[in-house]
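The values are calculated or read from the model by the stated rules, or taken from the named source; none is laboratory data. Nothing here was measured: the structure is a model prediction, and the numbers come from that model. Using ideal geometry, Cβ is built from the backbone for each residue, glycine included, and neighbour counts are taken over all protein chains shown. Side chains included, ligands, DNA and RNA excluded: accessible areas come from the protein's heavy atoms. Shrake-Rupley method; radii C 1.70, N 1.55, O 1.52, S 1.80 Å.
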Amino acid sequence: MQAAMDISAKYCQKELESYGSCVSSNPSTWQQKCHELKMKVAHCTSSHPVIQKIKQDCSKEFVEFDKCLRENQSSATSCTSHVARFVGCAETVDLSKVETNPVPSST
């Protein structure tokens with residue numbers, strides 16, 4: 001989970017900061033007031049070209065990591081080697097031909 005958050009934070013920082021700020025400012029009503037910002041975070045993390053490329057090139061490592069998490073829900077630390085392999089793969093993905101700062105689509 002932390003690996004996904006690190007990657008998301010790197011490429012969707014603006015969206016995550018806006019959402020976090022909204023949640024902090026609305027402690028009792030954030031679920032309703034911040035829903036649109038939550039959707040923007042979800043859209044960014046699922047559609048950003050860099051994240052799509054990492055998912056594509058490291059799908060095997062991600063599937064193994066996800067499977068480990070599901071099988072070890074009470075002990076996620078058992079998956080340390082899996083997350084290390086996924087992060088290691090993500091760091092080697094060739095992003096030279098990927099648009100790292102796409103113009104956001106208005107939704």
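Answer yes if at least one residue in region 15-29 is outside any loop (DSSP other than H, G, I, E, B), closer than 30 Å to Cys79 by Cα and of a type in the set (D, E, K, R), and no otherwise. Yes.
The condition of being in contact with a Lys or Arg (Cβ under 9 Å, 6 or more places away or on another chain), modelled with pLDDT under 85 and of a type in the set (S, T, N, Q) holds for only one of Thr77, Thr107, that being Thr107. Among the candidates Ser47, Ser21, the residue that is among the small types (Gly, Ala, Ser) and modelled with pLDDT of 90 or more is uniquely Ser21. Restricting Asp6, Asp66 to residues that are open to solvent by 40 Å² or more (accessible area, probe 1.4 Å), closer than 23 Å to Thr77 by Cβ and touching a residue at least 60 places away in the same chain (Cβ under 8 Å) narrows the list to Asp6. Considering the conditions (1) open to solvent by 40 Å² or more (accessible area, probe 1.4 Å); (2) touching a Leu at 6+ places or on another chain (Cβ under 6 Å), Ser28 is excluded by exactly one of them, (2).
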